[in-house]
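The values are calculated or read from the model by the stated rules, or taken from the named source; none is laboratory data. Worth saying up front: this structure is predicted, and the values here are computed from it rather than measured. Cβ coordinates were reconstructed from backbone atoms using ideal geometry, including for glycine residues, and neighbour counts include every protein chain displayed.
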Amino acid sequence: MAKKLMKGNEAIGEAAIQAGCRHYFAYPITPQTEVAEYLARRMPEVGGVFLQAESEVAAANMLFGASSSGVRVFTSSSSPGISLMSEATSYIAGAQLPVVLINIVRGGPGLGGILPAQSDYFQATKGGGHGDYHLLVLAPSTVQEAVDHVILAFELADKYRNPAMVIGDGMIGQMMEPVEFPSGPAPVPPPKPWATTGARGRGQNLIRSLFLNPDELERNNLEIKAKCDQMMREEVRFEAYRAEDELEVLVVAYGTMARIAKTAIDALRSEGRRVGLLRPITLYPFPMTQLHEAATRARAVLVVELSTGQMVEDVRWAVEGKAPVHFFGKTGGNIPTPEDITQEIRKVM
Amino acid sequence: MAQTNIIFKKPESLTDRITHYCPGCTHGIIHRLVAESLDELDLRERTVGIAPVGCAVLSYHYFNCDFQEAAHGRAPALATGQKRSRPETIVFTYQGDGDLASIGAAEMIHSANRGEKITIIFVNNAIYGMTGGQMAPTTLPKQVTSTCPAGRQVDQAGYPLRVAELLATLVTPSFIQRVSVHSPRHIIEAKAAIKRAFAYQAEGRCFSLVEVLSTCPTNWGLGPLEALRWLEENMIPYYPLGVKKTPEDGPEG
């Protein structure tokens, strides 16, 4: 398929269709509303379901019902909307169902602002809703990667029967870039014999997150834990950029911040400075061992985020004191320039 | 040759489990009416039930069909997701007054207003049962509960919600009826209403909701027979029985 110039939000909508998803339930919120607008046109063309729910609470619970029925289903929202969806997300994780959530993050807390932010890292990677579970979280840094991650998220959600999130900031949603969709037929989801399709010729299929017997609830939670452990073994994705040798500074950044950081690194490399980047692509599972290994070759680590410091906690955990971990963050919708990052790298050299 | 005609049996749509409901509670009767309706319309193998949070949270153990267990109040949203994804399934929610009329009010109104082809069995016993007898949106004026120990004060808590009448004001075509299960005659009427609601869904006609006035002897502090009398004397005057809306009425306005 030829490359096509698309806005991030629209490319995300098309990617879901290319992944074989025909069910979308959502509620409008800036800066991701174009996903809904795109699918309001596109879903009917492919015989799919587009439904504008009365709230994010309802939209996420429609995902719960649709996923239980065995279909591929997704929603998109932005930070305050994701907070409302977190109720259903917890139930969906507890019931071990595959769904895909898109969070085009805006500044918080509260109503915050509508400009780009990475301040939902905690919410995305540490749970969001109540209970023992994790989302599988993919963080694209380009529109093309957003497309690839949406398709991958459906595969991984089905593989693990666990909710998967693609998290981008407003820049990913709003900017236009050339994208290419995979050619060939849409991937075929695995069989879902557990789905609520009507008990014809079989016993009852039951989808629930309620286990009043403590042994049963413990068993369910240990199953979820085992899946998270498997994700840690099999699904960690990251990019190492000019980070192969001994480093003066190892920069750690994800999403759009990693792109800006690369420009800063290129500038410093052209001066002969040994700086590199490690970009987590899966925020959960986090590339703990890879980051630890890279940090042992670095004199200092600098974490750059569009927040007051969230991922930096996981970085410190991964680095385990092998190098000092510094932080540079912008918040409120302000975005650092490559020069800002260059200057911060120089400070910690 | 000897011939045995079975003229009465447990519905296929019920399991053999003993329910956890309190003595005198009418949930058991309402479960049976739903199950008989599914049997008689031959819908069991196509049916997906959505359980609420409340006394009927474990109802999935008692119905012999596929089930999902929702978060408090969200059953109509799950039902929407199920029905939109697999329109060939018959989808019903079974919800109490706290679940449907309080925390789930938005999901109730909007699923009805979109005309989702689902059936809601709404069990109204004027109190929160599972949490132990707190005020519900349907608790009657002056009715005593653990969170309105002096009786429901309408200047503070407002008047009880009449769900059937409220939903009947929507322009979208639907079938809405309020019934009661406090006497054999009323149980027969309730069965007819529930069966009619499922028949509309099977025909792909409309949203349907049957509000069933029900007792809670435990939290009302009454014996089972006293509770049936209390329902008749106190609830029916405030919650008049009858058909509130049918799809034959057509959209108004």
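Remark: pairs (first residue in the range B:46-62, closer than 24 Å to B:Ala136 by Cα; second residue surrounded by fewer than 24 Cβ atoms within 10 Å (Cβ to Cβ) and at pLDDT below 95; Cβ separation under 8 Å; 6+ apart in sequence or on different chains) = B:Val53/B:Met130; B:Gly54/B:Met130; B:Cys55/B:Met130; B:Val57/B:Met130.
Under the condition of being under 19 Å from B:Trp230 (Cβ atoms), of a type in the set (Val, Ile, Thr) and in a loop (DSSP other than H, G, I, E, B), the residues counted in the range B:117-143 number 3. Residues in the range A:262-280 that are in contact with a Pro (Cβ under 8 Å, 6 or more places away or on another chain), assigned to a helix (DSSP H, G or I) and among the hydrophobic types (A, V, I, L, M, F, W, C): 2 in all. A search for C-beta distances below 6 Å between a residue of the range A:168-187 that is over 22 Å from A:Asn334 (Cβ atoms) and any residue that is surrounded by 14 or more Cβ atoms within 10 Å (Cβ to Cβ) and polar (S, T, N, Q), counting only pairs 6+ apart in sequence or on different chains, returns A:Val179/A:Gln144; A:Phe181/A:Gln18.
Kindly indicate the residue of the range A:207-229 that is charged (D, E, K, R) and away from chain B (no Cβ under 14 Å) and also nearest to A:Pro287 (Cα to Cα) among those meeting that condition. Looking at residues that are charged (D, E, K, R) and away from chain B (no Cβ under 14 Å), I get A:Asp229. Just one of the listed residues (A:Ala199, A:Ala157, A:Ala195) is of a type in the set (Gly, Ala, Ser), in contact with a Leu (Cβ under 8 Å, 6 or more places away or on another chain) and crowded, with 17+ Cβ neighbours inside 10 Å, namely A:Ala157. Among residues belonging to the range B:42-78 that are within 7 Å of chain A (Cβ to nearest Cβ) and aromatic (Phe, Trp, Tyr), point out the one that is nearest to A:Gln204 (Cα to Cα). Filtering the range B:42-78 for residues that are within 7 Å of chain A (Cβ to nearest Cβ) and aromatic (Phe, Trp, Tyr), the one nearest to A:Gln204 (Cα to Cα) comes out as B:Phe67.
For the range B:18-41, the set of residues classified as more than 11 Å from chain A (Cβ to nearest Cβ), within 21 Å of B:Gly129 (Cα to Cα) and in a loop (DSSP other than H, G, I, E, B) consists of B:Ile18, B:Thr19, B:Tyr21, B:Cys22, B:Pro23, B:Gly24, B:Cys25, B:Thr26, listed by residue number. For the range A:161-192, a tally of residues being surrounded by fewer than 21 Cβ atoms within 10 Å (Cβ to Cβ), in contact with a helix residue (DSSP H, G or I) (Cβ under 9 Å, 6 or more places away or on another chain) and away from every other protein chain (no Cβ under 12 Å) returns 13. Where helices (runs of 4 or more DSSP H) fall wholly inside the range B:184-253, the ranges with 2 or more residues that are in contact with a Pro (Cβ under 7 Å, 6 or more places away or on another chain) are B:224-230. Highlighted here are the helices (runs of 4 or more DSSP H) found entirely within the range A:1-120 that include at least 1 residues which are within 18 Å of the chain's Cα centre (by Cα), away from chain B (no Cβ under 14 Å) and surrounded by fewer than 22 Cβ atoms within 10 Å (Cβ to Cβ): A:8-18, A:33-45, A:79-94. Among the residues making up the range A:317-339, those that are of a type outside the set (Val, Ile, Thr) and surrounded by fewer than 16 Cβ atoms within 10 Å (Cβ to Cβ) are A:Trp317, A:Glu320, A:Gly321, A:Pro324, A:Gly332, A:Asn334, A:Glu339. Considering the conditions (1) away from every other protein chain (no Cβ under 14 Å); (2) surrounded by 13 or more Cβ atoms within 10 Å (Cβ to Cβ); (3) not hydroxyl-bearing (Ser, Thr, Tyr); (4) not in a helix (DSSP H, G or I), A:Glu244 is excluded by exactly one of them, (2). Scanning the range B:80-116 for residues that are more than 16 Å from the chain's Cα centre (by Cα) and either more than 10 Å from every other protein chain (Cβ to nearest Cβ) or assigned to a loop (DSSP other than H, G, I, E, B) (or both) turns up B:Arg86, B:Pro87, B:Glu88, B:Thr89, B:Arg114, B:Gly115, B:Glu116.
Yes/no matrix, rows are residues, columns are (1) under 23 Å from A:Ser90 (Cα atoms); (2) of a type in the set (Asp, Glu); (3) touching a strand residue (DSSP E or B) at 6+ places or on another chain (Cβ under 8 Å):
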residue	(1), (2), (3)
A:Val179	no, no, yes
A:Pro182	no, no, no
A:Pro185	no, no, no
A:Arg200	no, no, no
A:Leu206	yes, no, yes
A:Phe211	yes, no, no
A:Pro214	yes, no, no
A:Ile224	yes, no, no
